[in-house]
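Encoded as structure tokens, the structure appears first; notes follow it.
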Amino acid sequence: MIAGRALAAAAIVGGALLGAPSLRAQAAAPPVEGLLRALDDRFVRGDVAGYLGRFDADHPGALAVLGRSLQEQVDASRARKRTSSVVAGPVMIGDRALYRVRSAVELVRPDGAIRRTVEDAFLATRDDGTPAFAVATPASSAPPAARRLESPTCNYAVGGVDGFLCVALRPQQSLALDAASFYLVGTDIACDVHVQLQRSPADARRAARELAEAFARLEPTAEVGLANAWRPPRYRLLAPADLDSARVIVQVRRPNHPDGDEQVIFHVVHFGGLQHVLLTRGSAAALAAQARPLDAWYESYALLERDRASDAALDQTLRDHLGSVLQDGRYQNLRFGVSFVGPDGWRAEHRGGGARFRVRWQDAGGSQLWLVGYGLPAGVDAWTQAAVDRWVAHLLRARGLRALTEQPAGVVDAWRPFGDRAVERTMTLRVLTPSDPTAPRRRVLHLQLHDDLLLILDGVCATSAAEQAILDARSSLRRPR
């Protein structure tokens, strides 16, 4: 099974799927319909602060993410409608009643256009009906998944521990090949799993340290500890020969926080060309009090295959997970029917991220060419020229780029037909390097738009010869119908 589909199907609660409510659960759970109406009303009025104020949050971080998403919807619309209903649950875990909620959302944009979406979320309430937790999850009608989350393409399994709720993350949210969050219901503890490509020779200690330092740059009170040797519990005595793993603990000081200081713990495992990151976050007091279920969760992490050769395993993962095949500078995506031949003599490699696929070509002089395939954003039925224009304009402003006033021969700055159903757009942009504002560098941006896929060729040119090589290569981008 493709790992992304497994994640979307996996809603694991105490080792059992969130399905039809039991009579006991129905009797124990407080009424939730009134709460849903109240939350819908605040969303319609654009009262995000009032919406969040209804919560006595177990997971402040998850609530903050929810608040940002709500505010983005409010800011992007002049009027709103939302109707929410329970589609599964309740399931009782301690004094928390857990529901799966589905919301039909209608946003009226400033230009009068109407965007309709359907959103799913998990909602937990306390025994008095106060909401304690809400997190979005991909809507899925997939059949029941296994008790434990398994990803054969990314070679790991984890979960099936009482008290944890597994929530899938979309690739564009996590910027990873595979990702999920496990929330320990009734606490502020969450355990995240992220899978990335691991082609570089950097060892696990260095990788863990770099992740911790990147996090610390966002937290002024964070103190990064030393990167220490660490083994997943089931491999403490006998680990695969090529397995490399490490741990870094970050202390986050919260002098006036009711729950005291926080800890963020990065566990990094390198094996078979992949990087598995197991990240635990929560208050230090809760982490100490919940040592037993946390130990059980880490004990559940396992490699599905222990004898994978890195190169062969990685190639198989990319083929199965992304549909990607890269050979001698030629890229094919079997899932989306995309093919492209990079500039002659440039070194090609797969790269990670939240897109459907991402490939980079690089020459000896420092020029680069990226091919990125973007699937549909959540809640969008099809890519449109207007949506892409708005996005590209935003990116250009954010990066300080501007189009050349005179375009080279064969380069256009307008949409034009491409084949039977697609359109394309090509631009050449001048970029001023930060180190020397007077030295121009060229950037070639080529877009090909399909209903379900946006293809972008993004080339950064160190020389005029590299620019011409990129302009010549763009004609090889194909997606036959």
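Looking only at residues in the range 50-67 that are open to solvent by 40 Å² or more (accessible area, probe 1.4 Å) and not in a helix (DSSP H, G or I), the one that is modelled with the lowest pLDDT is Asp56. Go through the residues of the range 32-49 one by one and say whether even a single one is over 27 Å from the mean Cα position of the chain (by Cα), open to solvent by 30 Å² or more (accessible area, probe 1.4 Å) and under 17 Å from Asp128 (Cβ atoms). Yes. Of the residues that sit in the range 440-480 and are of a type in the set (S, T, N, Q) and free of Cβ contacts under 8 Å to residues at least 12 places away in the same chain, which one is nearest to Pro417 (Cα to Cα)? Top of the filtered list is Ser475. A single member of Arg247, Arg236, Arg217, Arg206 is open to solvent by 70 Å² or more (accessible area, probe 1.4 Å), within 24 Å of the chain's Cα centre (by Cα) and within 20 Å of Glu299 (Cα to Cα), and it is Arg247. Tell me whether the range 274-294 contains one or more residues that are modelled with pLDDT under 90 and either basic (Lys, Arg) or open to solvent by 60 Å² or more (accessible area, probe 1.4 Å) (or both). Scanning the range 274-294, I find no residue that is modelled with pLDDT under 90 and either basic (Lys, Arg) or open to solvent by 60 Å² or more (accessible area, probe 1.4 Å) (or both), so the answer is no.
Annotation note: of Asp295, Asp244, Asp261, the sole residue that is at negative phi, acidic (Asp, Glu) and touching a residue at least 60 places away in the same chain (Cβ under 8 Å) is Asp295. The criterion of at least 1 residues that are modelled with pLDDT under 90 and in contact with a strand residue (DSSP E or B) (Cβ under 7 Å, 6 or more places away or on another chain) is met, among strands (runs of 3 or more DSSP E) falling completely within the range 167-258, by 178-184, 190-197.
Each residue in the range 353-407 was checked for being open to solvent by 30 Å² or more (accessible area, probe 1.4 Å), modelled with pLDDT under 75 and over 22 Å from Arg442 (Cβ atoms), and 5 pass.
Taking the criterion of being closer than 15 Å to Thr187 by Cα and either surrounded by fewer than 13 Cβ atoms within 10 Å (Cβ to Cβ) or not polar (S, T, N, Q) (or both), the residues of the range 99-137 that qualify are Leu123, Ala124, Arg126, Asp127, Pro131, Ala132, Phe133, Ala134, Val135. Scanning the range 408-436 for residues that are within 20 Å of Glu467 (Cβ to Cβ) and β-branched (Val, Ile, Thr), which turns out modelled with the lowest pLDDT? Among residues in the range 408-436 that are within 20 Å of Glu467 (Cβ to Cβ) and β-branched (Val, Ile, Thr), the one modelled with the lowest pLDDT is Thr433. Consider the range 300-325 and keep the residues that are modelled with pLDDT of 90 or more and either small (Gly, Ala, Ser) or closer than 16 Å to Ile265 by Cα (or both). The one that is surrounded by the fewest Cβ atoms within 10 Å (Cβ to Cβ) is Ala302.
The values are calculated or read from the model by the stated rules, or taken from the named source; none is laboratory data. Bear in mind the structure is a predicted one, so any value in this text is a computation, not a measurement. Here the Cβ is made from the backbone with ideal geometry for all residues, glycine too, and neighbour counts use every protein chain on show. Note: accessible area is taken over every heavy atom of the protein model, side chains too, but ligands, DNA and RNA are not part of it. Shrake-Rupley method; radii C 1.70, N 1.55, O 1.52, S 1.80 Å.
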